[in-house]
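Here the structure comes first, spelled out in structure tokens, and everything after it is commentary.
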Amino acid sequence: MTLLLTLLFGIIEVGLMLYSYHFISNAAREGTRYAIVRGSSWTTACGTYNSSGCTATTTQIQQYVLNLGFPGIDPTKLSVTPTSSLTVGGSSCSPFTSCNAASNVVQVKVTYNFPFSVPFVPSRTISMSSASQMVISQ
């Protein structure tokens, strides 16, 4: 019975891990999309996460992703790293706000430390990450 229950809870934990990875991947895509639509020619009124200016900053992208509110994901264990480069495969550009021109590339990497815990098996933390990359079109 112990072996069966350990196997059952292990299968449930793996399912939760896959569920978490799906949302980590989606968070990276959402963060990248948020950044590319707020490129250098962004003229729409600034929203809740963008009160200091109409182009996205590193802090605003991180805050946006952390506030997406995925069920079952602990936002304190999420790490969001937006980067930008001048062209596809090009060198990094810093600060982020100076890289908001059309044809520049935005990448958002989201990392999550998943607490893997199964009865009778040593607990451990599994680091999962997903990155999304898109080009600012305008």
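List of remarks:
- Within segment 117-133, considering residues that are under 18 Å from residue 6 (Cβ atoms) and among the polar types (S, T, N, Q), the one surrounded by the fewest Cβ atoms within 10 Å (Cβ to Cβ): 123
Okay, residues lined up against (1) at pLDDT below 85; (2) among the small types (Gly, Ala, Ser); (3) assigned to a helix (DSSP H, G or I); (4) over 30 Å from residue 123 (Cβ atoms):
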position	(1), (2), (3), (4)
4	no, no, yes, no
11	no, no, yes, no
16	no, no, yes, no
49	yes, no, no, yes
63	no, no, yes, yes
82	no, no, no, yes
87	yes, no, no, yes
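The values are calculated or read from the model by the stated rules, or taken from the named source; none is laboratory data. What you see is a predicted model, and the numbers here were worked out from it, not measured in a lab. Methodologically, a virtual Cβ is constructed for each residue, glycine included, from the backbone with ideal geometry; neighbour enumeration extends over all protein chains shown.
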